[in-house]
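Every number in this text was worked out from the coordinates using simple rules, so none of it is lab data. Keep in mind it's a predicted model, so treat the numbers as computed, not measured. Cβ placement follows ideal geometry from the backbone for every residue including glycine, while neighbour counts extend to all protein chains displayed.
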Amino acid sequence: MKHAYSLIGAYKVYNTDGTLKADLFKIRNPHGYDYYYNGTWNDGDSIWNTAGETYKEQVNFSNSSSDGVYYMTKEDFATYYYTL
């Protein structure tokens with residue numbers, strides 16, 4: 001069964017020293033669940049709470065497992081999604 005997701009944002013996330021940390025896509029599952037994505041940058045990933053970093057602020061992060069919104073690197077996106 002196929003399922004459609006919305007690509008709602010693309011971000012370059014930087015470390016506080018100005019180096020690029022990741023290219024992230026902000027994706028939304030229209031059914032409102034994002035608990036199934038377990039990769040880096042998922043809602044529960046400890047990377048969001050890295051001391052001294054501003055990753056949350058850079059992407060306007062909100063941790064709500066029922067909103068269907070999650071973040072994924074461009075590399076993971078290319079692995080998990082085969083059509084756009």
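A compact table of results
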{"read-out": "Residues Thr73, Thr83, Thr50, Thr19, sorted so that the one with the fewest Cβ neighbours within 10 Å comes first", "value": "Thr83, Thr19, Thr50, Thr73"}
{"read-out": "(1) 3, 13, 16, 15, 12, 11, 10, 8, 6, 4, 2, 1, 0; (2) 3, 12, 17, 16, 9, 6, 6, 6, 5, 5, 5, 4, 3, 2, 1; (3) 3, 14, 26, 27, 17, 8, 3, 1, 0, with the label sought being that of the calculated P(r) over Cα pairs in 5 Å bins from 0, in percent", "value": "(3)"}
{"read-out": "For Gly68, distant residues with modelled amide H under 5 Å away", "value": "Tyr33, Asp34"}
{"read-out": "Nearest-0.05 FRET efficiency for Lys12 and Leu84, computed from C-beta distance (R0 22 Å)", "value": "0.70"}
{"read-out": "Hypothetical label at Ala4: residues of segment 47-84 whose amide nitrogen lies under 14 Å (7 Å Cα-Cβ projection)", "value": "84"}
